[in-house]
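For reference, the structure is listed below as C-alpha cells.
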Amino acid sequence: MRLLPKDRDLSKPLEQVELAVRASDLQMRAEQVEIRLDRFLALHMPWRSRNSIQNLIDEGYVYVDFTTPDRPSGTGELVQERKASRRLRDKSRVVVVVPEGLRIDVTPSIEDELSNLYEDRDVLAVDKPPMLPVHPSGRHMSDSVIQRIHARYGADKVERSVRPRLCHRIDRETSGIVLIGLHPEAHAEVRRQFEGHEVEKEYLAIVQGHPRSESGVCDLPIGSARGSSIGLKMACRVDGDEAKTAWRVLSRHRGCALVLCKLYTGRQHQIRVHMESIGHPLVGDKLYGYGEEYFQRYNDGELTPEDIVKLELPRQALHHHRLVFQQPSSGERVEVVSPLANDMAAFLAARDREG
C-alpha cells in the first residue's frame, strides 16, 4: 500500500494520499474483496475519525479508479466519488485530496537537522534520534527522517536526479543508523543487498535481567502472534519464517545488561521477540516486555505514572549501532557506526550509580 505519491517532495505539506485496495492487506482472496469506500478509508487512515472521512467523501475530496470483473486493472482514470457506500474491488485505486486548510506544515526547523554518519554521491547514513519515525504514517504525518532529508535535498538546492529514498526502516522508538539512497539506481542496489542478506546489521539493546551465558544464538522462527489482540505483535512459532539473531553481553549493570545483537535475517521485531524468548525482554518495550495491557494503554495515551516508573525508559532500549554494505558504484565495503544513544547511556550510568 502506498500512502504517499511516489517521488513527491516530502518536505512540502501533504496534498493527497494514494491508496490501493489489496486482497493481501484485507487477508482475503482477490475474488472475495468487496469493501465499502468509507470502511476502506477508515482502515487505512486511522488518524481520521469516521465522521471526517464521511465529510471528505461528501465534499468531493475522494477520487477512485474502480476495477470490475471486465477491467481487473481499472480504467487508469480517477473519478470523483461522493457515495460512502460504494463498493471497492481488489486493485481499485483511491486518491484522497487533503483540503488546503487541513494540510500539515512539515517544514523542519534548524533544530531538526539530523547528524550525518556517512555521505557520498550515492548514499547517506544519518543518526536517528529515538521517537522520530523514519517515514510519515498514521498518527505521525508531520515529521520524519525522510521528510527532514527531503528538506535538506529540496529541488531548489540540487539537481532533480537527487531523489532520497529509504533503503530500510527501523521502529520509531529505535535510535541509530538509517541509510538513504540519493538516487534511484543507488537505492535499488542497496535494497537488493538488504533483501539478499548481504548487509551486516548490529544493534545495541538493554535487556531486563542478566543472561546466564555471555553469548548465544537464537534461531527460532518468527510469525504473527496467534491469539493476540494486537495485530502487529510477533512471536516465535514453529511454522514461522526463518530468523537468526546472535547476541553477546557487553556489560552488566544493576538489574539489566547491555547486549550486542547481530541480525542474520530481518524479521519484524526480531531482536525484541528473540530476546523475550530467552527470558530477557528489552527495557522499556511496551509490547513484549511487560504485558500487552501496557502497549494498549500507551497506544490510547493512557499510561499512568506508575506504568512509566515500571517501564523505566519511555521507549524500547534498542539502538542500530553498526551497518556494513557495499558502496553502490565502487563496490567497496563501507562501515557505518553510531555510538550508543544518550538516553540509553544515561540509563546505564544511573544504574551503576544506584548499584
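Observations, loosely collected:
- Single residue of Ala257, Ala246, Ala225, Ala205 found to be at pLDDT below 95 and either more than 29 Å from Gln27 (Cβ to Cβ) or assigned by TED's automatic domain parsing to the domain that holds Glu189 (or both): Ala225
- Test set (1) without any contact (Cβ under 8 Å) to a residue 40 or more places away in the chain; (2) touching a helix residue (DSSP H, G or I) at 6+ places or on another chain (Cβ under 8 Å); (3) of a type in the set (D, E, K, R) - Arg87 fails condition number: (1)
- Flag for Glu302 being surrounded by fewer than 20 Cβ atoms within 10 Å (Cβ to Cβ), closer than 30 Å to Glu354 by Cα and either touching a residue at least 12 places away in the same chain (Cβ under 8 Å) or assigned by TED's automatic domain parsing to the domain that holds Met131 (or both): yes
- Lone qualifier among Gly301, Gly291 - being over 24 Å from Cys256 (Cα atoms) and out of contact with any strand residue (DSSP E or B) (no Cβ under 8 Å at 6 or more places or on another chain): Gly301
- Scope the stretch 328-338; condition surrounded by 13 or more Cβ atoms within 10 Å (Cβ to Cβ) and either out of contact with any Asp or Glu (no Cβ under 7 Å at 6 or more places or on another chain) or modelled with pLDDT under 90 (or both); matching residues: Val334, Val336, Val337
- Only residues that are modelled with pLDDT of 95 or more, over 17 Å from the mean Cα position of the chain (by Cα) and not in a strand (DSSP E or B) were counted across the stretch 312-327, and they come to 1.
- Exactly one residue out of Arg272, Arg297, Arg267, Arg322 is in contact (Cβ under 8 Å) with a residue 40 or more places away in the chain, in the same structural domain as His197 (by TED's automatic domain parsing), basic (Lys, Arg) and farther than 19 Å from Cys218 by Cα: that is Arg322.
- For beta carbons closer than 7 Å, sequence separation of 6+ or different chains, a first residue in the stretch 26-44 that is at pLDDT below 85 and a second that is acidic (Asp, Glu), the qualifying pairs are Ala30/Asp90.
The values are calculated or read from the model by the stated rules, or taken from the named source; none is laboratory data. Keep in mind that this is a model prediction, so the values were computed, not measured. Cβ atoms come from the backbone with ideal geometry, glycine included; neighbour counts cover every protein chain shown.
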